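Please read the structure below before turning to the comments.
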Amino acid sequence: MTIRVAAVGDIHLSEHARGTYRARLNGIEERADVLLVAGDLTRHGTVEEGQVIADEFRGLAIPVVFVLGNHDYHSDAEQEIMAMLRATGHFVLDDSAEVLLGGRLGVAGGKGFGGGFAGKCANEFGEPETKAFVRHTREIADRWRIALKGLDTQHRIVLSHYAPVKDTLAGEPPEIYPFLGSYLLAEAADAAGADLIIHGHAHAGTEKGATPGGIRVRNVALPVLGRSYATYGL
Amino acid sequence: MDIWDPPHYVAARVQRAIAEDERTNELGIKVDIRGDHLFLHGQVCEEDQRERVAEVAAEAAPGLVVHNEVICVAVGEPGEEELL
């Protein structure tokens, strides 16, 4: 039986958006079995904006899985935002995994990070600041590999904010690719196996791509989609 | 002494202000300066964000005429399912 996955990212709700977003999700339970939200939920990452997110997604008839994005880290309130979303009954991935739909679907992932793509990327070499930047991504990828391998489900999806491949960045200036994602994220998914990778972050990118190992990648940033959410059948 | 700012640096300063100012925190806006004219391009998610972007740009580059060509993302119906 097909699993229908709805996905969107980069919704950037500020306090101005309170009460206005929910209408976009009306009837989603007739179109999808689960909703994945690929980070940049807020504009400034404040607790108040986190509350807007919790309220706008409250009580949907299908499970909702979130990861945070770079905007959601801006006010150093990421842990509080995650706790608020969990308290509202949502799933939040922080380099972790969840099993949904009676064991049929596993979703692993988190925010991800940058560094660039194979052959044109930063390395753990030189100044401590450079090493810390690249190490952050490598450690995330290591945790995703473990999270994915722990999923014994019929289908597995990786949910990220940052991009795992260049394909879905087409339209963005190549100079900023190292800030948009890292091939280490794709490498982890290819090593552990997954049916689909969902990401956001690249507002000027394109929707469809694939990893070197053949896993389909979809950039669901709202400006890329131009629709309330995308729906994928697995 | 008057110091002339090359447009290259002015554009970079405006782009940085739009990214870092709490009113906007908008990372994907392109800034292009031609003569005394400053053009803003890109997409935002809310209509009033368009206006805030232009406001921050005008403050960061006084004396230039700001042309706000930023558009607000149009969000349509969910559309067809893609079977993978």
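Every number here is computed from the coordinates shown, using simple stated rules; none is lab data. All of these numbers come straight from a predicted model, not from anything done at the bench. Using ideal geometry, Cβ is built from the backbone for each residue, glycine included, and neighbour counts are taken over all protein chains shown.
Observations
- The range A:182-208: number of residues that are over 18 Å from A:Thr153 (Cα atoms) and either surrounded by fewer than 20 Cβ atoms within 10 Å (Cβ to Cβ) or more than 14 Å from chain B (Cβ to nearest Cβ) (or both): 11
- All positions within the range A:116-138 that are within 20 Å of A:His201 (Cα to Cα) and surrounded by fewer than 13 Cβ atoms within 10 Å (Cβ to Cβ): A:Lys120
- Scanning the range A:12-21 for residues that are surrounded by 15 or more Cβ atoms within 10 Å (Cβ to Cβ), outside any loop (DSSP other than H, G, I, E, B) and over 19 Å from the mean Cα position of the chain (by Cα) gives a single hit, A:Ala17.
- Residue match in the range A:161-169 (condition: acidic (Asp, Glu) and under 30 Å from A:Gly102 (Cβ atoms)): no
- Output for the range B:30-84, where each listed residue is in contact (Cβ under 8 Å) with a residue 40 or more places away in the chain and away from chain A (no Cβ under 14 Å): B:Ala57, B:Glu59, B:Ala60, B:Ala61, B:Leu64
- Checklist (1) surrounded by fewer than 17 Cβ atoms within 10 Å (Cβ to Cβ); (2) within 19 Å of B:Val75 (Cβ to Cβ); (3) out of contact with any helix residue (DSSP H, G or I) (no Cβ under 9 Å at 6 or more places or on another chain) applied to A:Gly171, failing item: (3)
- Residue in the range A:71-83 that is within 11 Å of another protein chain (Cβ to nearest Cβ) and either touching a helix residue (DSSP H, G or I) at 6+ places or on another chain (Cβ under 9 Å) or within 19 Å of A:Leu225 (Cβ to Cβ) (or both) present: yes
- Residue check, A:Glu98 within 14 Å of chain B (Cβ to nearest Cβ), of a type in the set (Asp, Glu) and not in a loop (DSSP other than H, G, I, E, B): no
- Taking first residues from the range A:1-30 that are facing another protein chain (nearest Cβ under 9 Å) and partners that are part of a helix (DSSP H, G or I) and of a type in the set (Asp, Glu), the Cβ contacts under 8 Å between residues at least 6 apart in sequence or on separate chains come to A:Leu13/A:Glu49; A:Leu13/A:Glu56; A:Ser14/A:Glu49; A:His16/B:Asp48; A:Ala17/A:Glu56.
- Scan of the range A:35-59 for residues that are surrounded by 21 or more Cβ atoms within 10 Å (Cβ to Cβ) and within 13 Å of chain B (Cβ to nearest Cβ), ordered by number: A:Leu35, A:Asp40, A:Leu41, A:Thr42, A:Arg43, A:Gly45, A:Glu49, A:Val52
- Going through (1) away from chain B (no Cβ under 14 Å); (2) on the phi < 0 side of the Ramachandran plot; (3) touching a residue at least 60 places away in the same chain (Cβ under 8 Å); (4) buried (at least 23 other Cβ atoms within 10 Å of the Cβ) one by one, A:Val165 falls short only on (3).
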